[in-house]
Amino acid sequence: MVRLISFDIDGTLEVGAPPGVIPMSVLRRASELGFLIGTCSDRLLLEQQRVWEGSGVAPHFTVVKQGLAVVRATFDAEHYLHIGDTEVDAMVAREAGFDFLHSLEDDVLAYLRALQLHP
Ligand SMILES: [Mg+2]
């Protein structure tokens with residue numbers, strides 16, 4: 001099953017400002033296991049690319065928040081998920097046809113563990 005996961009950065013990834021709960025090892029593991037992954041953030045695309053360069057993983061996509069629908073249309077997957085920490089994240093996910101996990105309110109690490117993306 002091909003899964004696509006879109007990660008917000010600030011408040012979601014450990015390298016965000018503020019830092020979130022998701023370690024960069026999750027991105028590496030997801031890449032190794034064949035997940036389609038990328039970031040969807042308010043940050044400029046150049047800044048998003050720097051985050052990926054720091055992780056040593058090549059993303060499939062980097063988009064601004066309004067770009068999630070394009071990701072949905074571009075990649076053929078059986079499950080689309082966006083993980084973020086704000087109401088805007090929840091809204092753009094819903095509008096683009098993505099499931100949504102709240103990086104602070106939901107047990108994101110348990111979810112990632114179940115997908116074998118986190119120890
Ligand atoms: Mg955020």
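Taken together, the values in this text are just the output of simple stated rules run on the coordinates, not laboratory data. Computed from a prediction, not measured in an experiment: that's the story for all the values here. In this analysis, Cβ positions are derived from the backbone assuming ideal geometry, glycine residues included, and neighbour counts consider all displayed protein chains.
Based on Cβ point charges of +1 for Lys and Arg and -1 for Asp and Glu, what charge dipole magnitude is obtained for the chain about its Cα centre, in debye rounded to the nearest 20? Write out the running numbers ahead of the final one.
Details: 9 positive and 17 negative charges, 75 e Å.
Charge dipole, the chain, about its Cα centre: 360 debye, nearest 20.
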Among Phe75, Gly56, Gly38, whose Cα projects farthest towards the positive end of the dipole of the range 20-119, with charges put on the beta-carbon of Lys, Arg (+1) and Asp, Glu (-1)? Gly56
Mind listing the phi-derived Karplus ³J(HN,Hα) values for the range 49-60, rounded to whole Hz, using 6.51, -1.76 and 1.60 with θ = phi - 60°, and x for any glycine or proline? 5, 5, 4, 5, 4, x, 8, x, 10, 8, x, 7
